[in-house]
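> The following block contains the structure, expressed as structure tokens.
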Amino acid sequence: MASIRKRTSGKGEIGYHVQIRLKGYPTQTASFTRLTDARKWAASTESAILEGRHFKTVEAKKHTLSEFVDRYVEQIVTGTKNDRNNIRNLHYWKEQIGDYLLVDVTPALIVESRDKLRQEGRSDSTANRYMTSLSHAFTVAVNEWEWIESNPCRKIKKLREPRGRTRFLSDDERSRLLSVCQSRRNPDLYHAVVLSLATGARQGEILGMSWDQVDLGRQVITLTETKNNEIRLLPLSGLSLEIMRERSKIRRLDTTLV
């Protein structure tokens with residue numbers, strides 16, 4: 001419980017020293033010049049301790065957003081492509097509001113920085129991705145570190161994103177595309193487009209493919225670093241299988257990339 005002691009300094013100034021001692025919690029102390037303020041702090045702090053809010057607020061007053069991001073990147077982030085994108089996104093927040101203490105990082109402050117992305121020409125979808133990276137980091141700070149009481153991003157409404165469009169090339173369009181690619185001096189473009197059309201793999205997945213992902217015996221490509229961090233198997237057949245077999249015969253010695 002809280003105790004308040006009246007003290008008089010050598011100069012005759014009156015002050016009030018508050019001490020809160022609760023079993024199982026560190027002792028909390030503070031000094032005030034007014035008895036009203038001392039009583040108010042004692043009541044609110046004791047209530048916050050019992051409700052599990054006080055010490056999170058203390059941590060939030062000790063750490064800046066930059067410190068928070070640095071710890072998250074060091075302890076939580078791995079080396080996957082998705083995490084590399086998260087690091088890039090989190091560095092943006094460091095640049096914008098890194099000097100703020102966590103206790104001062106409000107939804108309004110976050111929205112202001114998010115909207116700067118839109119003013120710079122970034123899409124609402126991109127702005128949402130930046131928000132997702134920050135929100136996940138805040139969730140870790142709430143649940144695992146107990147640095148903050150709640151995730152401020154949870155109070156921010158997600159921006160509306162345009163609905164995607166599903167479209168497939170017609171036979172004529174596909175033939176013309178392959179014809180143009182085949183006419184180029186470098187065969188890599190043609191091979192990449194054939195693989196993409198045959199497997200549905202993304203551009204980054206095709207260009208970043210290494211030989212340890214390719215199993216010509218089983219006629220399959222295994223993708224490990226995908227957008228959703230899920231392993232995907234891409235079957236090879238027909239022209240795509242023929243191309244991979246030909247490329248395997250002339251592998252470059254200076255790289256493991258296909």
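The values are calculated or read from the model by the stated rules, or taken from the named source; none is laboratory data. A quick note: this is a predicted structure, and the numbers were derived from the prediction, not measured. Because the Cβ atoms are built from the backbone with ideal geometry, glycine has one as well, and the counts that use them run over all protein chains shown.
> Looking at the stretch 156-215, which of its residues are basic (Lys, Arg) and within 17 Å of Ser240 (Cβ to Cβ)?
First, the residues of the stretch 156-215 that are basic (Lys, Arg): 157-158, 160, 163, 165, 167, 174, 176, 184-185, 202.
Scanning the stretch 156-215 gives Arg174, Arg202.
> Moving to a separate point now. Could you please let me know if Leu177 is hydrophobic (A, V, I, L, M, F, W, C) and surrounded by fewer than 16 Cβ atoms within 10 Å (Cβ to Cβ)?
It is true that Leu177 is hydrophobic (A, V, I, L, M, F, W, C) and surrounded by fewer than 16 Cβ atoms within 10 Å (Cβ to Cβ).
> Right, something else. Residue under question is Arg185, and the condition is that it be over 29 Å from Ser123 (Cα atoms), surrounded by 11 or more Cβ atoms within 10 Å (Cβ to Cβ) and basic (Lys, Arg); does it hold?
no
> Take the residues in the stretch 226-254 that are closer than 26 Å to Val77 by Cβ and at pLDDT 85 or above, then tell me which one is nearest to the chain's Cα centre (by Cα).
That would be Ile231.
> Within the stretch 222-258, which residues are of a type in the set (S, T, N, Q), loosely packed, with under 11 Cβ neighbours inside 10 Å and not assigned by TED's automatic domain parsing to the domain that holds Gln182?
Thr255
> Mind telling me which of the residues Lys23, Lys40, Lys62 ends up being at pLDDT 85 or above, farther than 30 Å from Lys158 by Cβ and not in a helix (DSSP H, G or I)?
Lys62
> Next up: Could you grab the pairs with beta carbons closer than 9 Å, sequence gap of 6+ or different chains, first residue in the stretch 193-205 and within 15 Å of Thr226 (Cα to Cα), second one among the hydroxyl-bearing types (Ser, Thr, Tyr)?
If the second residue must be among the hydroxyl-bearing types (Ser, Thr, Tyr), the pairs left are Thr199/Ser240; Arg202/Ser196; Arg202/Thr226; Gln203/Ser196; Glu205/Ser196; Glu205/Thr199; Glu205/Thr226.
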